[in-house]
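Undergrad: What follows is a single structure, and I will ask about it in a moment.
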Amino acid sequence: YEIVDSNKKVIRRLNEDHNVIKDYFNSVSSAFSSHTVTAATWNGMIYNPKTGGNDVVPDGHYQMKITVQGMSEKAGTQETFLPIKVDTKNPVISQAKFVTPDSLSLKIEDQLSGADLRSVAIAVNGQIETYDLSATENEELTVPLKNTQQAANGKNQVEVVVSDYAGNIGHFNKFISF
């Protein structure tokens, strides 16, 4: 079990198992055999020889490489690659403005794993509501606000919280005039 970068260069060796029996289908029980590997977990870090410690890898695409060798000498080696994304950056919320007293437009961007628009929390002057904006395809959104959140003349405090699919949380908190 190894982690490889986008060029398939090994950047971390996780675990090596020996004498593991291949999973198979048992026709008598009509079930597949299985085993669980618990020692091949990765925390997104690699060894840094300059510091002698571990550093988080840069955001991007990686893969877990699983290599198996058959029990007989004639059996070849098999490799499987499982994709992994490392995303440590928060979604960015910007360009918030009131279109009408009951409509807010804003832009939500996330470059790697994507913003999770199924649950976006928006507070206007302390009135908090949660919106499902997942039907929206683009980064620029217009949100029809609930009656309790209508903008007042003058400055209004607007706070927006959204997460991405990696669990990073983006936060926006500004006073916006209407």
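Undergrad: Only one of Val86, Val143 is within 30 Å of Asp55 (Cβ to Cβ), in contact with a Leu (Cβ under 9 Å, 6 or more places away or on another chain) and open to solvent by less than 70 Å² (accessible area, probe 1.4 Å); which? Show your work before the answer.
TA: Values: Val143 fails: within 30 Å of Asp55 (Cβ to Cβ).
Sole residue among the options that is within 30 Å of Asp55 (Cβ to Cβ), in contact with a Leu (Cβ under 9 Å, 6 or more places away or on another chain) and open to solvent by less than 70 Å² (accessible area, probe 1.4 Å): Val86.
Undergrad: Oh, and also: Hey, among the residues in the stretch 147-176 that are under 13 Å from Asp102 (Cα atoms) and among the polar types (S, T, N, Q), which one's farthest from the chain's Cα centre (by Cα)? Show your work before the answer.
TA: Taking the stretch 147-176 first, the residues under 13 Å from Asp102 (Cα atoms) are 147-153, 156, 158.
So of that shortlist, the ones also among the polar types (S, T, N, Q) come out as 147-150, 153, 156.
On the way: Asn147: 33, Thr148: 32, Gln149: 30, Gln150: 33, Asn153: 39, Asn156: 32 Å.
Among them, the one singled out is Asn153.
Undergrad: Here is a check on your reading of the model: is Asp59 in contact with a strand residue (DSSP E or B) (Cβ under 6 Å, 6 or more places away or on another chain) and exposed (fewer than 14 other Cβ atoms within 10 Å of the Cβ)?
TA: Numbers: in contact with a strand residue (DSSP E or B) (Cβ under 6 Å, 6 or more places away or on another chain): yes; exposed (fewer than 14 other Cβ atoms within 10 Å of the Cβ): no.
Judged against the criteria, Asp59 is not a match.
Undergrad: If you take the residues in the stretch 167-178 that are open to solvent by 30 Å² or more (accessible area, probe 1.4 Å) and not in a loop (DSSP other than H, G, I, E, B), which one is nearest to Lys89 (Cα to Cα)? First the steps, then the outcome.
TA: Restricting attention to the stretch 167-178, the residues satisfying the condition of being open to solvent by 30 Å² or more (accessible area, probe 1.4 Å) are 167, 169, 171, 173-175, 177-178.
Then keep just the ones that are not in a loop (DSSP other than H, G, I, E, B); that gives 169, 171, 173-175, 177.
Details: Ile169: 8, His171: 12, Asn173: 18, Lys174: 21, Phe175: 24, Ser177: 29 Å.
For the stretch 167-178, the residue satisfying everything is Ile169.
Undergrad: Let me ask something additional. Restricting attention to the stretch 154-166, and to residues there that are of a type outside the set (Val, Ile, Thr) and open to solvent by 50 Å² or more (accessible area, probe 1.4 Å), which single residue is farthest from Glu109 (Cα to Cα)?
TA: If we filter the stretch 154-166 for residues that are of a type outside the set (Val, Ile, Thr), which is where we start, we get 154-157, 159, 163-166.
Next, from what is left, pick out any that are open to solvent by 50 Å² or more (accessible area, probe 1.4 Å): 155, 157, 159, 165-166.
Working: Lys155: 25, Gln157: 21, Glu159: 16, Tyr165: 12, Ala166: 14 Å.
Step by step, filter the stretch 154-166, then rank; the result is Lys155.
The values are calculated or read from the model by the stated rules, or taken from the named source; none is laboratory data. What you are looking at is a predicted structure, and each value in this text was computed from that prediction instead of being measured. Counting neighbours? That spans all protein chains shown, and the Cβs are built from the backbone with ideal geometry, glycine included. Side chains are part of the model used for accessible areas, which takes the heavy atoms of the whole protein and leaves out ligands, DNA and RNA. Shrake-Rupley method; radii C 1.70, N 1.55, O 1.52, S 1.80 Å.
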